[in-house]
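Below is one structure, written out as structure tokens, with a few remarks after it.
Just so it is clear, none of the values below were taken in a lab; they were calculated from the coordinates. Please read all numbers here as calculations on a predicted model, not as lab measurements. Cβ atoms come from the backbone with ideal geometry, glycine included; neighbour counts cover every protein chain shown.
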Amino acid sequence: MRKDQNLGEYLRAQGVSRRGFLKFCSATASLMALPPSAIAQVADALAKARRPSVIWLSFQECTGCTESLTRSHAPTVESLIFDAISLDYHHTLQAAAGHGAEAARMAAMEENSGEYILVVDGSIPVGNPAYSTIAGISNLDMLKETAANAFALVAVGTCAAFGGIPHANPNPTGAVSVSDIVTDKPIINVSGCPPIPVVITGVLAHFLTFGTIPELDALGRPAAFFGQNIHDRCYRRPFYERGQFAETFDDEGARKGWCLYKLGCKGPTTYNTCATLKWNEGTSFPIQSGHGCIGCSEPDFWDKGGFYNPISAGMWGSRDALLGAAAAGAALGVGSALAARARKKKAQAAEEA
């Protein structure tokens, strides 16, 4: 794609039909929680958009965020939108190395000053910056230098957004998040370990459409994707309300798909769109695969009581609190069932009368 070519021209040259493009715009508007009336605006803005320069820095991370991105299950048009951005620097994906790689980063910063998007994955060590360096430059110095003239930053993954696993106790490197270092630029936190690729796409599409960052929640995450907790949208929620919980991973309740709350599921306190967008081309997500949510898109998830401790036992209280929560859940389930039976009997009586 030429730098003077807009996205609409590029997509037409690639053989993407107008119908296919509008279908993508409709899905994008839905993902961004926009009304149907906004679809035309999204399509018009995307078609005229010039590809933005993107610099991607990877610090203390496992490359899982990049792996997630490269395995995006989106339609062809979505893949082309990733092709339509100018990914000018990425340690893993770029062909250049050594001095050539750093020259590309500096050139992108100079040519697109004030307009480029800086994507960061991985936490930043501040206890001893020498724990992680690139081209002889500490992560801390590289972040400060590259963020200085960026339009906005996207912290991809929980390590960049909240410190993640490197930040967990005892945190030997003094790992911190992007927002702990950069305080004078807009920052979008796309948390998750790793994050869902479509969420990254939605953030990009919003920027291309409106030239601004999307609405964010209290933790700086896109509200369209992190506005509800997993529990509220989980297909196992009815079992929770009926007080039906799996006690072990291989008991009858587990085989019947009952709620995994007692087995440590953090769905009630985790905000993400896993239950709706899912993974592997929308095939499944951890709870559907039989494992409770570990809360990986939340701050300090690694230190909050362990994966298999219920919320009330590990994260927020004692085992007595667990018994109370379980009893409350069971009572709620019983109450719902009794109310349903009462309504059914009342309806039957009315029908007989």
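Order these by the 10 Å Cβ neighbour count, fewest first: Lys185, Lys278. Show your work: numbers first, answer last.
Details: Lys185 15, Lys278 18.
Final ranking by Cβ density, sparse to dense: Lys185, Lys278.
Quick check on the exposure proxy: order Lys256, Lys48 from fewest to most C-beta atoms within 10 angstrom. All intermediate terms of the calculation are to be shown ahead of the outcome.
On the way: Lys256 10, Lys48 13.
Ascending Cβ contact count within 10 Å gives the list Lys256, Lys48.
With 5 Å bins from zero, work out the P(r) of region 171-272 over every alpha carbon pair and list the percent per bin.
For region 171-272, the binned pair fractions read 2, 11, 16, 16, 14, 13, 11, 9, 6, 2, 0 percent.
Restricting to Cα atoms and excluding each atom paired with itself, what does the Kirkwood estimate give for region 7-226 in Å? Don't skip to the end; give the middle numbers.
Numbers: mean 1/r = 0.0562 Å⁻¹.
Result for region 7-226 stands at 17.8 Å.
Among Val126, Val199, which comes first, second and so on when ranked by fewest other beta-carbon atoms within 10 Å? Don't skip to the end; give the middle numbers.
Values: Val126 16, Val199 25.
Ordered from fewest to most neighbouring Cβ atoms within 10 Å, Val126, Val199 come out as Val126, Val199.
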